[in-house]
Amino acid sequence: MLLPERCSLRINGDICQLPTSYIVSINSQSGEYMIAAVCSSHMKKLENRLHVMQLEGSIPEGNIKFQPLKMVTTNCIKGINDDYIEIE
């Protein structure tokens with residue numbers, strides 16, 4: 001699954017430029033719903049906003065879950081001439 005590179009939060013209309021650190025989901029009786037990807041700096045602010053939205057009925061009732069992201073990197077092949085094998 002492809003995730004956003006930046007935090008999902010907007011502060012005073014400006015998009016947060018920090019990289020995502022957590023996947024935010026809600027565990028309800030009918031299932032688990034992914035809500036956002038958020039940086040560690042805005043985690044508490046988003047949690048407070050989600051509680052308000054649950055009280056308003058905008059999003060399902062349930063436990064708000066923050067799951068840390070694990071970054072995986074690989075050594076990519078760059079496709080330079082040395083990477084090709086000549087067959088005769």
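Data table
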{"read-out": "Breaking point among (1) on the phi < 0 side of the Ramachandran plot; (2) among the small types (Gly, Ala, Ser); (3) at pLDDT 90 or above, for Ser28", "value": "(3)"}
{"read-out": "Verdict on Leu46 being over 25 Å from Leu18 (Cα atoms) and modelled with pLDDT of 70 or more", "value": "no"}
{"read-out": "Members of region 28-50 that are surrounded by fewer than 13 Cβ atoms within 10 Å (Cβ to Cβ) and not charged (D, E, K, R)", "value": "Gln29, Ser30, Gly31, Asn48"}
{"read-out": "Selection from region 11-56 of residues that are touching a residue at least 12 places away in the same chain (Cβ under 8 Å), assigned to a loop (DSSP other than H, G, I, E, B) and more than 16 Å from Leu69 (Cα to Cα)", "value": "Cys16, Gln29, Ser30"}
{"read-out": "Among residues of region 16-52, those that are of a type outside the set (Val, Ile, Thr), out of contact with any strand residue (DSSP E or B) (no Cβ under 9 Å at 6 or more places or on another chain) and farther than 21 Å from Arg6 by Cβ, counted", "value": "3"}
{"read-out": "Hits in region 1-23 (condition: of a type in the set (S, T, N, Q) and either touching a Cys at 6+ places or on another chain (Cβ under 7 Å) or surrounded by 10 or more Cβ atoms within 10 Å (Cβ to Cβ) (or both))", "value": "Ser8, Thr20, Ser21"}
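The values are calculated or read from the model by the stated rules, or taken from the named source; none is laboratory data. Being a predicted model, the structure only gives us computed values, none of them experimental. Positions of Cβ are backbone-derived with ideal geometry, glycine not excepted, and every protein chain shown enters the neighbour counts.
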